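To start, the structure itself, in structure tokens.
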Amino acid sequence: MLKALIQPVTLFEQNASIIFCDETKKCAIVDPGGDIDLLLNIAKEKELLPEKILLTHGHIDHAGGATEISEILNVEIHGPHIDDKFLLDELQKQGEMFGLQSKNCNPDKWLEEGDVVLVGNEKLEVYFCPGHTPGHIIFFNKKANLALVGDVLFNGSIGRTDLPGGNYNQLIESVKNKLWPLGDDVDFIPGHGPVSTFKAERNSNPFVSDSVLN
């Protein structure tokens, strides 16, 4: 079964996740925005074996530590969609603006809708969910009914669309046409804040509840 450890990182309190296959102990670090030593220590303490780094999108609070961890662990970076390349090419400059250590990121593999990522024996399905950024993707593990949605959807809110490349209508369509069809009983880890379920958000989220969208 796929398990997840969530660790907020940096001044943005971004949810970096270490997801792992409990059979093989192989893991992926998802959206390592920073606080690299903290993430590496968690993986070491749990005796996990890092296989790869996964990125949902190119903002610095999600991708700022990806290149450095990749170099330390000698593992590949997969994701996001290539439409976020312009953001990953500016990470060092962004870091200087926010006082964060960051290197530009050149993923080993861009991901697209329909791709499948392996973590140990577990499969993650990739869905293209633009709106917060042009190249945003999410990861879904059907067996655990778990989605890692980055900044598409939050507990009680949705991702910002006023940043470069953001598009409100696209974001709403991504939630409605990509997330909701996965099922009400899906647990999701957002990029910020507490976890929730799609059912809870369809019931009460003021931006994308059924009563708002229908």
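What follows draws every value from the coordinates through simple rules; no lab data is involved. On a predicted model such as this, the values are computed, not experimentally measured, just so you know. So basically every Cβ, Gly included, is an ideal-geometry build from the backbone, and we count neighbours across all protein chains shown.
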Discussion item. Which residue is farthest from Ile60 (Cα to Cα), if the candidates are limited to segment 1-16 and must be in contact with a Lys or Arg (Cβ under 8 Å, 6 or more places away or on another chain) and surrounded by fewer than 18 Cβ atoms within 10 Å (Cβ to Cβ)?
Written reply: Met1
Item to complete: Select from segment 158-169 the residues that are within 16 Å of the chain's Cα centre (by Cα) and either within 19 Å of Gly79 (Cα to Cα) or crowded, with 16+ Cβ neighbours inside 10 Å (or both) and list them in ascending order.
Response: Ile158, Gly159
Practice prompt. Output yes when any residue across segment 52-62 is among the hydroxyl-bearing types (Ser, Thr, Tyr) and either out of contact with any helix residue (DSSP H, G or I) (no Cβ under 7 Å at 6 or more places or on another chain) or surrounded by fewer than 21 Cβ atoms within 10 Å (Cβ to Cβ) (or both), and no when none is.
Written response: no
Worksheet item: Is it fair to say Lys26 is among the charged types (D, E, K, R), surrounded by fewer than 24 Cβ atoms within 10 Å (Cβ to Cβ) and under 19 Å from Ala147 (Cα atoms)?
Response: yes
Fill in: Tabulated pairs, segment 50-74, first within 19 Å of Phe12 (Cα to Cα), second buried (at least 21 other Cβ atoms within 10 Å of the Cβ) and among the charged types (D, E, K, R), C-beta under 6 angstrom, 6+ apart or interchain
Thr56/Asp31; His57/Asp84; Gly58/Asp84; His62/Asp31
Worksheet, complete the sentence: The correct count of residues that are touching a Lys or Arg at 6+ places or on another chain (Cβ under 7 Å) and in a strand (DSSP E or B) in segment 24-54 is 3
Fill in: Unique residue being among the β-branched types (Val, Ile, Thr), surrounded by fewer than 16 Cβ atoms within 10 Å (Cβ to Cβ) and in contact (Cβ under 8 Å) with a residue 60 or more places away in the chain when the list is Val212, Val195
Val195
Worksheet item: Within segment 120-135, how many residues are surrounded by fewer than 23 Cβ atoms within 10 Å (Cβ to Cβ) and in contact (Cβ under 8 Å) with a residue 60 or more places away in the chain?
Response: 2
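Do the conditions hold for Gly95, that is, is it of a type outside the set (Val, Ile, Thr), in contact with an Asp or Glu (Cβ under 7 Å, 6 or more places away or on another chain) and under 25 Å from Gly159 (Cβ atoms)?
The answer is no for Gly95.
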Worksheet item: Taking segment 1-23 as the search range and keeping residues that are assigned to a loop (DSSP other than H, G, I, E, B) and touching a Gly at 6+ places or on another chain (Cβ under 9 Å), which one is nearest to Gly34 (Cα to Cα)?
Response: Thr10
Worksheet, complete the sentence: Within segment 69-100, the residues that are on the phi > 0 side of the Ramachandran plot and more than 19 Å from the chain's Cα centre (by Cα) are Asn74, Gly99
Worksheet item: With respect to Leu171, is the statement that it is part of a helix (DSSP H, G or I) and touching a strand residue (DSSP E or B) at 6+ places or on another chain (Cβ under 9 Å) true?
Response: yes
Worksheet item: Would it be correct to say that Ala144 is surrounded by fewer than 18 Cβ atoms within 10 Å (Cβ to Cβ) and in contact (Cβ under 8 Å) with a residue 60 or more places away in the chain?
Response: yes
Worksheet item: Just one of the numbered conditions (1) closer than 12 Å to Leu54 by Cα; (2) in contact (Cβ under 8 Å) with a residue 40 or more places away in the chain is not true of Phe86; which one?
Response: (1)
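Could you grab me the full set of residues in segment 122-154 that are under 15 Å from the mean Cα position of the chain (by Cα) and of a type outside the set (A, V, I, L, M, F, W, C)? Can you show your working first?
Within segment 122-154, the first condition is being under 15 Å from the mean Cα position of the chain (by Cα), and the residues that meet it are 124-141, 146-154.
Listed by number, the residues that qualify are Glu125, Tyr127, Pro130, Gly131, His132, Thr133, Pro134, Gly135, His136, Asn141, Gly150, Asp151.
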